[in-house]
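Novice: Got a structure for you, written out below as structure tokens; questions coming shortly.
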Amino acid sequence: MIPKISIKTMIPGPKSLPKLARIKKINGGWNVPYPFVQSRNGVGCYVADIDGNVYLDFSSQIGSNPLGYNHPDLKEVLRRYASRTPIKIAGQDFTCQEHIELIESILDVSPKQFNAAFLVNSGAEAVENAIKVAMRHQKLAKFGVSFENAFHGRTLGALSCTNSKAVQKKHYLSLPMKRLPFNVNAASALQDLIVREAAPEEVAFVIVEPIQGEGGYNIASKEMLRSVRQVTKAHGIPLICDEVQVGLGRTGEWWSHEHFSITPDIIAAGKALQVGATIANRALFPNEPGALSSTWGGGHVLDMAMGIQTIKTIKKRRLLTNCKRAGSYLRKELGILGQTHLAMQNVRGIGLACAFDMLTPNFRDNLVMEMLKNGVILLGCGTKTVRVIPPFIITKHDCDVFIGKLEEALKKTVQKGFKHTGPIHDYMKVSTRISKN
Ligand SMILES: Cc1ncc(COP(=O)(O)O)c(C=O)c1O
């Protein structure tokens, strides 16, 4: 496959259309997928659908595809694992080599105090288990603390911490939670909480995304995170950093919290790692057998092998440096576009965790749709934000192609009376549809 955008059919194409109708009927999840069916044929940052359309992917499968499509290092792993089953084993009860190696690889790229990890199946489970680890430590816990606009996943414990969209929580019972503002007042709000509402040992944890993902790619200030860390440390309250979306290298450091010169007590990781992981000091994890477990946790052998290789490849191919370099280049070019297209605002980011806002949610939705029509996959988040989160292997040429397409789409979609019609519009018209997680 040639790594080049090529749109040959209407989107969705004739092969995708009936399959999308089928999944819409039978999928228990609420959302309709993006209007094409992936073929998994792809190379670099380019991926084809089953109609033969080739897209430039600036969404990285919601941040979970750091090495792009059909990376030779990962294909080599696939070859090694091709001839044996089961591919998932009961890893907490019957361990395997990959379990040990992946934890060692994670610890190798984490600050020294992190010397143990518990592997699970998803980002939400990583958060769920971070909460449980914290609760075992705070034995008198009455509530947890998260931030306004936070997204931590959809299982009930993680969802209790989530606070980004009402639809994600409606009618679901919640753990007791308090919220902090995502700004420099957070530490004093936390301090107030401790003085007025509870003793420090009654606060189960504070959980924070250093860069809020789903909530709108809001970057915490150094001052905010450092003062929150100070208060939690002073009172012995476990601080959890949710690194599921931007951790493992996207920001140009292994963990986004490193940019803020803080070290949390617990890290929740997922997405780019290919499995979920709750990472902390061994002393924080419960000692009793069975206090934390899961059938497949630590036993999804191929996923763990992919995670091990992903870390190796990020190191070997100096992809942290590429995230920094490509991210700076993208922000520079986006900033230049923003000077002439006034509907585009607030370009921001660290490394390849980049975003910008559009003047209105409608402008944002139209832009994302137009980009897809022209072969670039983008994701929204927050109310009017566009995420710019390509795979770590992105080249300068790919960035230039993206910027060119973006400029065309900006010119077109901000014109008075601009409106999308047709099947692509019918699939993507709900604004929440394009800012899902
Ligand atoms: C910051 C953050 N935490 C947790 C999650 C949940 O991860 P998963 O969807 O793998 O359960 C997500 C998913 O988008 C996320 O962005």
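Derivation of every value follows stated rules applied to the coordinates shown; laboratory data play no part. All values reported here derive from a predicted model rather than from experimental measurement. Neighbour counts are summed over all protein chains in view; Cβ atoms, including those assigned to glycine, are modelled from backbone coordinates with ideal geometry.
Novice: Using a simple charge model, +1 on the beta-carbon of Lys and Arg, -1 on the beta-carbon of Asp and Glu, nothing else, what dipole does the chain show about its Cα centre, in debye to the nearest 20?
Specialist: Values: 55 positive and 36 negative charges, 218 e Å.
So the dipole magnitude of the chain works out to roughly 1040 debye.
Novice: Rounding to the nearest 10 and keeping the result within 0 to 90°, find how far the Cα-based axis of helix 222-235 lies from the longest principal axis of the chain.
Specialist: Computed tilt is about 20 degrees.
Novice: Of Thr295, Met177, Asn163, which is farthest on the positive side of the dipole of region 80-316, counting Cα position, with +1 on Lys and Arg Cβ, -1 on Asp and Glu Cβ, and the Cα centre as origin?
Specialist: So the residue we want is Asn163.
Novice: Please compute the modelled spin-label separation between Val184 and Ile403, points set 7 Å along Cα→Cβ, answer in nm with one decimal.
Specialist: Label-label distance for Ile403 and Val184, simple model: 3.2 nm.
Novice: What would the Debye equation give as log₁₀ I(q)/I(0) for region 80-316 at q = 0.13, 0.14, 0.18 Å⁻¹, counting only Cα atoms as equal point scatterers?
Specialist: After summing over all Cα pairs, the log10 values are -0.74, -0.86, -1.38.
Novice: Taking every Cα atom in region 8-74, find the radius of gyration and the maximum pairwise distance Dmax, and write them in Å.
Specialist: 12.8, 37
Novice: Related question: Please state, as a whole number in µm²/s, the translational diffusion coefficient that the Stokes-Einstein equation yields for the chain at 25 °C and 0.890 mPa s, with Rh defined as the Kirkwood radius across alpha carbon pairs. Don't jump to the answer; show the numbers that get you there.
Specialist: On the way: Rh = 22.4 Å.
The Stokes-Einstein estimate is 110 µm²/s.
Novice: Express the C-alpha Rg of region 246-402 as a ratio against the empirical globular expectation 2.2 N^0.38 Å, rounded to two decimals. Write out the running numbers ahead of the final one.
Specialist: Working: Rg = 18.6 Å, N = 157, 2.2 N^0.38 = 15.0 Å.
After normalising by residue count via 2.2 N^0.38 Å, the value is 1.24.
Novice: Taking every DSSP beta bridge with both residues inside region 80-316, roughly what % is antiparallel (nearest 5)? Mind showing how you got there, number by number?
Specialist: Working: 12 of 24 bridges.
Here the antiparallel bridges make up roughly 50 percent for region 80-316.
Novice: Check each of the chymotrypsin sites (Phe, Trp or Tyr not before Pro) in region 153-240 and keep only those in coil by DSSP with at most 12 other C-beta atoms within 10 angstrom; list them in order.
Specialist: Working: sites: Tyr172, Phe182, Phe205, Tyr217; in loops: Tyr172, Phe182, Tyr217.
Sparse-neighbourhood loop chymotrypsin sites (Phe, Trp or Tyr not before Pro): Tyr172.
Novice: Applying 1/(1 + (r/R0)^6) with R0 = 25 Å to the Cβ-Cβ distance of Ser83 and Arg317, what FRET efficiency is obtained, to the nearest 0.05? All intermediate terms of the calculation are to be shown ahead of the outcome.
Specialist: Values: r = 27 Å, r/R0 = 1.10.
Calculated value: 0.35.
Novice: Where does each of Cys96, Cys399, Cys381 land when they are ranked from fewest to most other beta-carbon atoms within 10 angstrom?
Specialist: Cys96, Cys399, Cys381
Novice: Quick one: angle between helix 301-316 and the longest Cα principal axis of the chain, in degrees between 0 and 90, rounded to 10, please.
Specialist: The answer is roughly 80 degrees.
Novice: At 7 Å along the Cα-to-beta-carbon direction for both Leu156 and Glu223, put a label point, then send me their distance in nm to one decimal.
Specialist: Between Leu156 and Glu223, the label points sit 4.1 nm apart.
Novice: Right, here's the next one. Roughly how tilted is helix 361-373, in degrees to the nearest 10 and between 0 and 90, from the longest Cα axis of the chain?
Specialist: Taking Cα atoms only, the helix is inclined about 60 degrees.
Novice: Please give the net charge around Ile266, taking every other residue with its beta carbon less than 14 angstrom from that of Ile266, where Lys and Arg add +1 and Asp and Glu add -1.
Specialist: Details: positive: Lys132, Arg136, Arg229, Lys233, Arg282; negative: Glu125, Glu128, Glu209, Asp242, Glu243, Asp265.
The answer is -1.
Novice: Same structure, new question: Determine, for Trp255, Trp296, the number of other Cβ atoms within 10 Å of each Cβ, and report the residues in order from fewest to most. Don't skip to the answer; put the middle values down first.
Specialist: Values: Trp255 25, Trp296 17.
The most exposed by this proxy come first: Trp296, Trp255.
Novice: Within straight cross-link reach of Lys170, meaning Cα distance under 19 Å, which lysines are found once same-chain residues fewer than 8 apart are removed?
Specialist: The qualifying lysines are Lys178, Lys436.
Novice: As a test of the formula, what do you get for the chain when each DSSP H run with n ≥ 4 contributes -39,500 (n - 2.57) and the sum is divided by the residue count, at 222 nm and rounded to the nearest 500 deg cm²/dmol?
Specialist: Values: 13 runs with 157 residues, N = 437.
That comes out to -11000 deg cm²/dmol.
Novice: Place the peptides 110-117, 78-85, 31-38, 156-163 in order of packing, highest mean first, counting for every residue the other Cβ atoms within 10 Å and averaging per peptide.
Specialist: Values: 110-117: 16.8, 78-85: 9.9, 31-38: 19.4, 156-163: 22.6.
With the highest mean Cβ count within 10 Å placed first, the list reads 156-163, 31-38, 110-117, 78-85.
Novice: Let me ask something additional. Give Lys19/Lys411; Lys132/Lys169; Lys142/Lys384; Lys25/Lys165 a once-over and call out the pairs whose C-alpha atoms are over 28 Å from each other. Present the calculation step by step, with values, prior to reporting the outcome.
Specialist: Details: Lys19/Lys411 33 Å; Lys132/Lys169 20 Å; Lys142/Lys384 35 Å; Lys25/Lys165 25 Å.
Listed pairs above 28 Å: Lys19/Lys411; Lys142/Lys384.
Novice: Hey, with R₀ at 35 Å, roughly what FRET efficiency would Thr340 and Thr9 work out to, going by the Cβ-Cβ distance, to 0.05?
Specialist: Values: r = 32 Å, r/R0 = 0.92.
The value I calculate is 0.60.
Novice: Which whole-Hz couplings ³J(HN,Hα) result when phi for each residue of region 156-173 is put into the Karplus expression 6.51 cos²θ - 1.76 cosθ + 1.60, θ = phi - 60°, listed in order with x for Gly and Pro?
Specialist: 5, x, 4, 5, 4, 7, 5, 8, 9, 9, 4, 4, 6, 10, 3, 6, 8, 5
Novice: Right, something else. Would you please name the trypsin sites (Lys or Arg not before Pro) within region 317-411 that are DSSP coil residues with at most 15 other C-beta atoms within 10 Å of their C-beta?
Specialist: Values: sites: Arg317, Arg318, Lys324, Arg325, Arg331, Lys332, Arg348, Arg364, Lys373, Lys384, Arg387, Lys396, Lys405, Lys411; in loops: Arg317, Arg318, Lys384.
Qualifying residues, ordered by number: Arg317, Arg318.
Novice: Is any residue of region 3-22 close enough, with backbone N under 17 Å, to a label point placed 7 angstrom from the Cα of Asp426 along the Cα-Cβ axis, and if so, which?
Specialist: 10-22
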